[in-house]
Amino acid sequence: MCGRARCTLRPDDFPRACHLNGRRVRHIDMNRYQPSYNVSPGFNVPVVRREDDLNDDGAVVHCMKWGLVPSFTKKTEKPDHYNMFNARSESIKAKASFRRLVPKNRCLVAVEGFYEWKNDGSKKQPYYIHFKDGQPLVFAALYDSWKNPKGEVLYTFTILTTSVSSSLVWLHDRMPVILGNKDAADMWLSGSPSSNIDTLLKPYEESDLAWYPVTPAMGKASFGGPECIKELQLKANETRSIAQFFSKKGDKDEQGQKSHIKVAEEEILNTDQTESLKQEPESDHVGHLCSPVSPESFTSTRATDIKVEQDYDESGSKQSSTWQTGNPPEKVGILANDNVKSLEEVETEDIKPNVFALPWEESGDSKTKRDYEFSGNVMRLAKRVNKHLSPSKKKAKGAGDKQPTLFSYFGKG
C-alpha cells in the first residue's frame, strides 16, 4: 500500500516529471496545493490528467484531494478519504467503484518518494523509498468527481497498487504501480484500450530504487518538515533479522530449560533423601530398630535380618529361623528391618559385645549378667532410635499405641 508520500515539487515540475514535453498544459486549483514532506489522504495533491475533450491532445495539472470519493456517494454522507486512497490493480476492472473510471479517468501522480512501514513485532519502522538520482516517481492513478450538498464539485483520486518487487519483499507485500518511463506514462494517460494497460500494472523491478529508515515521528500527519526524510541510524540490535532474533532467543531458552531441569533433578534427589530420613516403616513386630540406611545397603541389611530373626527356647537351642508375629518367645532377639543399621555399624558404636548371635544361658549368674547386658544394650539402642523419630511419630505412638514397647517388655523382666 501507499499511504504517505513526499510531494514538494513546484507547479511547473509536474508536466516535466510526467513527460509532457511539447504538449499544451493548463493548471486547475493549484492555489490549493501546499508542498509537504508528509502527504497523507485528504491532502490536496496535483495530478496530471487528459483534457475533458478526448480529441484535445493537451493535458491538465489538476490539484485534487487524495482519497477517492465515488460519484455515486450520497450527498448526505461525509467524504472519507482514507476509505479508498489505494486501489488494487488486480481488481479495478471488477469493482464498481473503479471499473467505470478505467477507460477515461486515468491520471498520473508525481512525488519525490513514498514511505512504507516495516512491521517488527509491536514496533513499526518507517522507510523512505525514492529514485537514486532524485528524479520524481510517477504513479498510476484513477480520479472521480462528486457533488456535495452545496453543489460544489470535489475531485478526488486513488493510487493503484500491485504486488511488491523482489527487492522490497522484506518490507511489505504491496507497492504502488510505478511508471518508470515516458512510454509507460503515455500509455496510461492516453485513451488506449483497457486491455493494453495490463502490462503496466506490475511490480517495478528496476535497480534504481533506494530506501533508508526515517524517524517514526513522521507517522503523525502533522509532522511535515524536512526531518521526515532525514536518514535514521538504527542501532545494531534493531537491524538484526527476525530469524537471528528468534534463533538466539531459542538458544537461551534451551539453555535455561536445561538448567531448570538440572535444578529440578537435584531438588528431587534431595527430597528423596530427606524423605528417607523421615520415614518410619510400619511393622507388627514388638521391637523396632529404625536407623535409616541407604538403598545401596539394602541387600546386606536383608542378609542380617536372616541371621537376627531367630528364636531360642528356654535351653538356649535354636528353635526356628522365623518369628511368628503375635507369638513372641519369652526371650526375644533384636529385630532388624529394611531401614535399620547393619550389625557391622552397630558393633562399631559404643556398645558392648554383640549378644544377638549368642544363645541364652539358663544357669546361675551368667543368665542374670547376660539379661542385664542385653537390656542395657537395648535401652541404649532404643534411645538412639528415638532421636530419629519425628515429633509427630513420637506423639502418635505416645497417644494411641497401647501395645507393649521395648522398654515395657524388658522392664517386666
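Quick note: the coordinates plus some simple rules give every number you see, no bench work behind them. None of the values given here were measured: they were computed from a predicted structure. FYI the Cβ positions are ideal-geometry reconstructions off the backbone, even for glycines, and counts take in every protein chain you see.
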Estimated D of region 4-229 in µm² per second, where Rh is the Kirkwood radius over Cα pairs and Stokes-Einstein applies at 20 °C, 1.002 mPa s: 119
Extension gain, ASN181 back to ASP133 (0.36 nm per residue minus Cα-Cα distance, nm): 15.9 nm
From the C-alpha gyration tensor of region 57-156, square roots of 5λ in Å: 27, 19, 14
Listed residue (TRP117, LEU160, ASN148) projecting farthest to the positive dipole end of region 106-165, Cβ model: ASN148
Prolate/oblate/rounded call for region 107-214, Cα gyration tensor, a/c under 1.5 rounded: oblate
Fully extended contour minus Cα-Cα distance, from SER122 to ASP12, at 0.36 nm per residue: 35.4 nm
